[in-house]
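Everything on this sheet refers to the single structure shown next.
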Amino acid sequence: MKRSQEKWIAIGLPVGLVALLAITVTSFSIRVLEDYGLVLFTLVPLGMGIVSSVSYGYFRPRTWKQSFKVSALSLLIACMLLLLLSIEGLLCLMMASPILLLFNLIGVTIGYFLQSSNKKQTLKAFTINFLLLPILMTTESQILNQDGGMIGVKTAVLIEAPIAAVWKNVVLFPDIPEPEEWIFKSGLAYPISSRIEGEREHAVRYCEFTTGAFVEPITVWNEPYHLKFNVEEQPVPLRKLLTDEVPANMYKYFVSTEGEFRLKEIGSNQTLLEGTTWYYHKIRPVAYWKIWSDYIIHSIHLRVLNHIKKVAEAEGEYKE
């Protein structure tokens, strides 16, 4: 066999095996089990690293650096296929990339030490991963498919305006301009306006997002200090960027339960506005995904609170 042919086979073999492994088990977890679990985000990239390293050493043992390069290429191509086949969205892959890369590196290291001249090693590594991962996914889905507990996220801004002016814009704020933040341009749903029907505790607030409306029955109306509401309905939190598809099953994985605004009069013309959201999600590992979900909610809070701040302060300047 010519050296150039051997080179292309040596690279193509791990890339093809890892892509097949990733697409198959990821589709099984998401579309069959409807579960974003610990196995998906840890053992799958671990297995991908092992298979790519071992299969890359099919013709001759490779250095760790060589194994890492091929494994990284395999992971990148697998993610691109997941995106192009609309199995996953760009934002999800971006958020998952740190944990995927970490466990892929561990897999590369294990695969590097498993390299040998024995050609059966590649088939063995692939078969074990291909059969074991769906079994572990199914077991995890049956045992751990529950939410990770209620989480509260609070964000505050100081507004140079009287508390009455701030309250008015909390209850009903005008349309928010298009976002400039990168995260809102990656498929994440974001707030654009609000409206309210009814009065006081019998009112229902509608916070319009790009994918639909949050339906929020008011539970506390203590004007002008405290507005609290339950979340009766919510839109999906994101779109798949390339297809603009709204993944309906995302309702199951991120659930907002209630929220509130608290206003504190600091001075005659200063108000501290706090927004809090309570939510839970079913994406594991919870500790890792909490970092992202808290960041996203803070970003959404700031989009709304800073808009209220801008409008309330502008109204104060106009009156002066």
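The values are calculated or read from the model by the stated rules, or taken from the named source; none is laboratory data. Keep in mind that this is a model prediction, so the values were computed, not measured. Here the Cβ is made from the backbone with ideal geometry for all residues, glycine too, and neighbour counts use every protein chain on show. The protein model used for the area step is the full one, side chains on, heavy atoms only, and it has no ligands, DNA or RNA in it. Shrake-Rupley method; radii C 1.70, N 1.55, O 1.52, S 1.80 Å.
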With Rg and the Kirkwood Rh both taken from Cα atoms, where does Rg over Rh land for the chain? 1.12
In Å², what does the accessible area per residue of the stretch 159-306 work out to with a 1.4 Å probe? 46
Calculate the spin-label point distance for S86 paired with T210, positioning each point 7 Å from the Cα along the beta-carbon direction, and give it in nanometres. 1.8
Helix 286-319 versus the longest principal axis of the chain: what angle, 0 to 90°, nearest 10, using Cα atoms? 30
Prolate/oblate/rounded label for the stretch 263-309 (Cα gyration tensor, a/c 1.5): prolate
Phi-derived 3J(HN,Hα) across the stretch 52-58 with the Karplus relation (6.51, -1.76, 1.60, θ = phi - 60°), rounded Hz, x for Gly and Pro, is 5, 5, 5, 6, 5, x, 4
Rough spin-label spacing in nm, given labels placed 7 Å along Cα→Cβ, for V220 and K154: 1.1
Given a 10 angstrom Cα cut-off, can you work out which residue in E233, E208, E199 is the most mobile in a GNM of the chain? E199
Of E181, E223, E260, which has the largest mean-square fluctuation in a 10 Å C-alpha GNM of the chain? E181
Checked against a 21 Å limit on the C-alpha separation, the offending pairs among K154/K264; K264/K310; K168/K228; K69/K282 are K69/K282
If you wrap the stretch 46-188's Cα atoms in a convex hull and average its projection over all directions, what's the area in nm²? 13.8
Place +1 on the Cβ of every Lys and Arg and -1 on the Cβ of every Asp and Glu in the stretch 45-181, take the dipole about the Cα centre, and give the residue among Q115, G49, L105 whose Cα lies farthest towards its positive end. Q115
Within the accessible area of the chain, what % is carbon and sulfur when the probe is 1.4 Å and the other protein chains stay in place? 62
Distance in nm between pseudo-label sites at A72 and N269 (7 Å out along the Cβ direction from Cα): 5.5
With a ≥ b ≥ c from the Cα gyration tensor eigenvalues, square-rooted, and the rule rounded for a/c under 1.5, otherwise prolate when a/b > b/c and oblate otherwise, the stretch 21-123 is prolate
Any idea what angle helix 3-27 forms with the longest principal axis of the chain, computed on alpha-carbon atoms, 0 to 90 degrees, nearest 10? 40
